[in-house]
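K.L.:
First the structure, then my questions, so here it is.
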Amino acid sequence: MPDQAEKLRHLVGRTYTGPMPHQARRIAFLSGKGGVGKTSLAVNISLAMARLGHKTILVDCDLGLANADVLLGIQPRTTLDRVLTKNGDPRNAVVVMPSGLWLLPGAGMILPQEAVDTGRLEHVLQVLDADVDFILMDGGAGIDEGVQHVASLADEVVIVAAPESASTLNAYRLIKVILENRRDLPVRLVVNRAHNDFAARHTANRLASAVNKFLSTEPEFIGWVPSDPIVEQAARERRPFVEKYPGSMPSRAIISLANRILQPPAGPPEAA
Ligand SMILES: Nc1ncnc2c1ncn2[C@@H]1O[C@H](COP(=O)(O)OP(=O)(O)OP(=O)(O)O)[C@@H](O)[C@H]1O
Ligand SMILES: [Mg+2]
């Protein structure tokens, strides 16, 4: 029986050990459990980064139900699934927003397997690479092959977890699978929908100490976003909350996360 890593090696071929050489920093937003806020965070953080003057593209890589376009109030002409299945030019699908953010919208449907199988997503990222400084990838939830494929192409992953124990347990499982395939991939943690600083840190510490103990690596907790009805309110209005409610607590948390993400991940501790 092939193990997970072997299956992925077969699945993504040459991209397994990491992406091909590139210059833009690729950051994948992933979570073990669905609905914890990956898209809300990826949309608002990428917008904040663009507004800080960094050339940023958000690629909606959710191979299930992509919805970054909805949160940005965009009706896409074409989407990533069509680019992947027709081997089209991804630049034709890119939407340039007034904020300076670029979006490559995702599929409103489950992506066909062939789109995931062939390394075409790597090709899409390569084509976009020269034009941007940051490629943020909004991934799906869970540990399936599509999610692992996205992780296999990233330079770092931001794991979004909610304070509930199911979310942290699934986040741990996801980190385990990711590290089986990419031992050196930097893992950063964000806690979303926390009620206060204590709860957020408690969640992050629990997850980080399990990862540290059983997977022998140190994930970097980079911040948290409070649970706040303005997040859903902005989503209903199809406006990113950093734009619509700039003074709110979640928006301030997003700005601080964006600034943190702009700094490269902390390296492993120096050997003594
Ligand atoms: N900090 C928050 N406070 C309140 N509601 C939030 C917060 N973050 C996200 N939500 C709400 O939670 C729901 C799920 O968010 P979102 O779609 O961003 O999650 P997701 O992880 O991308 O989901 P999926 O796994 O389906 O892709 C949405 O209704 C969103 O408005
Ligand atoms: Mg999502």
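Any read-out appearing in this document is the output of simple, stated calculations on the displayed coordinates, not a laboratory observation. It should be emphasised that the depicted structure is a prediction, and the values quoted were computed from it without experimental measurement. Every residue, glycine as well, gets a Cβ built from its backbone with ideal geometry; the counts of neighbours run over all protein chains shown.
K.L.:
Using Cα springs under 10 Å in a Gaussian network model of the chain, which residue among Lys86, Lys55, Lys38 shows the largest mean-square fluctuation?
P.N.:
Per the Cα network of the chain with a 10 Å cutoff, Lys86 tops the list.
K.L.:
Rounded, prolate or oblate: which one fits segment 22-262, using the alpha carbon gyration tensor with axes a ≥ b ≥ c (rounded when a/c is under 1.5, else prolate when a/b beats b/c, else oblate)?
P.N.:
Here segment 22-262 falls in the oblate category.
K.L.:
At 222 nm, what helix-only mean residue ellipticity would the chain give, in deg cm²/dmol to the nearest 500, using -39500 (n - 2.57) for each DSSP H run of four or more?
P.N.:
Value at 222 nm, helices only, nearest 500: -13000 deg cm²/dmol.
K.L.:
A further question follows. Would segment 122-253 count as rounded, prolate or oblate if I go by the C-alpha gyration tensor, calling it rounded below 1.5 in a/c and otherwise prolate when a/b exceeds b/c, oblate otherwise?
P.N.:
oblate
K.L.:
Right, here's the next one. Among Asp155, Asp69, Asp197, determine the one that fluctuates most according to a GNM of the chain built with springs between C-alpha atoms less than 10 Å apart.
P.N.:
Asp197
K.L.:
Further, regarding this structure: Most mobile of Pro21, Pro250, Pro76 per a Gaussian network model of the chain (Cα springs, under 10 Å)?
P.N.:
The residue that fluctuates most here is Pro21.
K.L.:
Turning to a different aspect of this structure: Which of Met20, Met49 has the fewest other C-beta atoms within 10 Å, and how do the rest follow up to the most?
P.N.:
Going from sparsest to densest Cβ surroundings: Met20, Met49.
K.L.:
Taking a cut-off of 20 Å between Cα atoms, list the lysines near Lys244, but don't count ones fewer than 8 places away on the same chain.
P.N.:
Lys38
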